[in-house]
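*Asks:* Can you read through this structure? Questions will come right after.
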Amino acid sequence: LHWALREVLGEHVKQAGSLVAPDRLRFDFSHYEAVTAAEIRRIEQMANAEVLANSRVAATEMSKQAATEKGAIAFFGDKYGDTVRVLEAGHSLELCGGTHVSATGDIGPIKIVSEGSIGSNLRRIEALTGEHAVRYMLDVTATLASAADVLGAKPDDIVAAIPNPDVVYATTWWRIAEDEVLVIDLTPPDTHYWSLQMCDRWFQCFPDRRSSINNAQAVAEADGSVRIVLSDGDPGVPNWLDTNGHRVGVMFFRWLHADPEVLPTCTVVKRADLS
């Protein structure tokens with residue numbers, strides 16, 4: 001993990017503390033900013049590649065000078081005598097006096113579960129290893145599958161199925177008599193895009209009729225306001241949607257990057273009174 005961090009983040013990374021247990025680890029290190037998700041992924045991949053390589057772990061005693069010349073990394077604040085123990089595991093070469101596995105494959109899968117700040121220019125990574133890492137990944141996979149099922153999507157498509165937080169929706173139902181129309185008045189906010197979609201009561205749209213309108217199609221008044229009319233047939237106004245003979249239905253407003261949110265005013269009027 002130390003080696004992968006230095007490879008991905010830079011040689012300024014140095015260990016600043018640790019906890020090593022059979023099923024988990026904590027690794028504190030020097031770094032000046034949060035580690036991105038892409039960097040975490042790369043670090044995990046590199047560390048797990050070393051595990052899969054199942055390289056033999058070799059410990060050798062040599063002089064401190066020889067170890068330094070060989071490129072071995074010394075740990076945080078540790079004091080060393082003239083003779084040091086150098087541990088080599090895959091690409092990692094460090095001065096260390098502790099006990100270790102005999103091969104990198106003994107560690108099992110490594111899964112980073114958190115990364116955060118613990119002080120000025122100090123970060124902490126926590127990870128699970130071996131059976132606990134496998135169990136964690138199985139639990140995450142099961143949770144992802146459950147969320148995908150709720151959203152009606154495949155696990156690989158779950159992100160696309162989550163509603164966009166930058167999009168504001170407003171939904172309501174409408175009812176008009178044969179001689180009535182629904183007048184919708186709104187002053188769109190400063191937004192990249194807005195649209196109105198009309199459907200019947202079963203949420204079925206009318207693809208062969210005028211059932212939707214957006215900011216590129218709507219004709220606005222001089223003050224920026226827009227009037228949209230829901231009507232069975234052309235009411236003789238610029239912005240109108242065809243109810244296709246339906247008397248009851250639903251409609252959806254959508255605003256992209258809208259600030260502030262503005263809800264329309266809806267009024268049922270007699271067709272003969274429409275001005």
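*Asks:* In segment 51-66, what count of residues is obtained for those that are closer than 10 Å to residue 109 by Cα and buried (at least 16 other Cβ atoms within 10 Å of the Cβ)?
*Replies:* Selection size over segment 51-66: 1.
*Asks:* Still on this structure, I have one more. What do you reckon, is residue 253 farther than 22 Å from residue 179 by Cβ, modelled with pLDDT under 90 and exposed (fewer than 12 other Cβ atoms within 10 Å of the Cβ)?
*Replies:* No; evaluated as a whole, the condition is false for this residue.
*Asks:* Being surrounded by 11 or more Cβ atoms within 10 Å (Cβ to Cβ) and of a type in the set (Ser, Thr, Tyr) is the filter here, so list the residues in segment 88-101 that pass it.
*Replies:* Passing the criteria: only 92.
*Asks:* Just to verify a result, which residue in segment 215-242, among those that are touching a Phe, Trp or Tyr at 6+ places or on another chain (Cβ under 8 Å) and among the β-branched types (Val, Ile, Thr), is surrounded by the most Cβ atoms within 10 Å (Cβ to Cβ)?
*Replies:* 228
*Asks:* If you go through segment 204-220 one residue at a time, do you hit one that is of a type outside the set (Lys, Arg), touching a Pro at 6+ places or on another chain (Cβ under 7 Å), assigned by TED's automatic domain parsing to the domain that holds residue 246 and more than 19 Å from residue 251 (Cα to Cα)?
*Replies:* yes
*Asks:* Condition (residue is farther than 22 Å from residue 17 by Cβ and surrounded by 16 or more Cβ atoms within 10 Å (Cβ to Cβ)) applied to segment 75-87: is it met by at least one residue?
*Replies:* No; the residues of segment 75-87 include none that is farther than 22 Å from residue 17 by Cβ and surrounded by 16 or more Cβ atoms within 10 Å (Cβ to Cβ).
*Asks:* Take the residues of segment 250-275 that are among the hydroxyl-bearing types (Ser, Thr, Tyr) and touching a residue at least 24 places away in the same chain (Cβ under 8 Å): which is farthest from residue 219 (Cα to Cα)?
*Replies:* Initially, segment 250-275 is screened for residues among the hydroxyl-bearing types (Ser, Thr, Tyr), giving 265, 267, 275.
Right, trim to touching a residue at least 24 places away in the same chain (Cβ under 8 Å) and you get 265, 267.
Values: 265: 17, 267: 19 Å.
Filtering segment 250-275 for residues that are among the hydroxyl-bearing types (Ser, Thr, Tyr) and touching a residue at least 24 places away in the same chain (Cβ under 8 Å), the one farthest from residue 219 (Cα to Cα) comes out as 267.
*Asks:* Please specify each residue of segment 166-183 satisfying the condition of being surrounded by 18 or more Cβ atoms within 10 Å (Cβ to Cβ) and of a type in the set (Ser, Thr, Tyr). Explain how you work it out, then say what you get.
*Replies:* Step one: of segment 166-183, the residues surrounded by 18 or more Cβ atoms within 10 Å (Cβ to Cβ) are 168, 174, 176, 180-183.
Passing the criteria: none in range.
*Asks:* Scan segment 78-87 and tell me whether some residue there is under 19 Å from residue 129 (Cβ atoms) and either assigned by TED's automatic domain parsing to the domain that holds residue 134 or over 24 Å from the mean Cα position of the chain (by Cα) (or both).
*Replies:* Within segment 78-87 (the criterion being under 19 Å from residue 129 (Cβ atoms) and either assigned by TED's automatic domain parsing to the domain that holds residue 134 or over 24 Å from the mean Cα position of the chain (by Cα) (or both)), the answer is yes, since at least one residue qualifies.
*Asks:* Let me ask another. Identify, from the list 38, 34, 16, the residue that is over 17 Å from residue 126 (Cβ atoms) and either crowded, with 16+ Cβ neighbours inside 10 Å or in the same structural domain as residue 107 (by TED's automatic domain parsing) (or both).
*Replies:* So the residue among 38, 34, 16 that is over 17 Å from residue 126 (Cβ atoms) and either crowded, with 16+ Cβ neighbours inside 10 Å or in the same structural domain as residue 107 (by TED's automatic domain parsing) (or both) is 38.
*Asks:* Something else: Just checking, does segment 232-249 include any residue being part of a strand (DSSP E or B) and touching a residue at least 60 places away in the same chain (Cβ under 8 Å)? Full working, then the answer.
*Replies:* Applying the first criterion (part of a strand (DSSP E or B)) to segment 232-249 yields 240-242, 248-249.
With touching a residue at least 60 places away in the same chain (Cβ under 8 Å) added as a condition, the list becomes 248-249.
Checking segment 232-249: at least one residue is part of a strand (DSSP E or B) and touching a residue at least 60 places away in the same chain (Cβ under 8 Å).
*Asks:* Within segment 1-112, considering only strands (runs of 3 or more DSSP E) that don't extend past its boundaries, which have at least 2 residues that are charged (D, E, K, R) and in contact (Cβ under 8 Å) with a residue 24 or more places away in the chain?
*Replies:* Strands (runs of 3 or more DSSP E) meeting the threshold: 24-30, 83-89.
*Asks:* How many of the residues making up segment 155-194 are assigned to a loop (DSSP other than H, G, I, E, B) and out of contact with any helix residue (DSSP H, G or I) (no Cβ under 6 Å at 6 or more places or on another chain)?
*Replies:* Count: 13.
*Asks:* Conditions first: (1) farther than 27 Å from residue 30 by Cβ; (2) more than 18 Å from the chain's Cα centre (by Cα); (3) loosely packed, with under 14 Cβ neighbours inside 10 Å. Residue 117 passes all but one, so which condition is the exception?
*Replies:* So the condition that residue 117 fails would be (1).
The values are calculated or read from the model by the stated rules, or taken from the named source; none is laboratory data. From a predicted model like this one, the values you see are computed outputs, not experimental measurements. Using ideal geometry, Cβ is built from the backbone for each residue, glycine included, and neighbour counts are taken over all protein chains shown.
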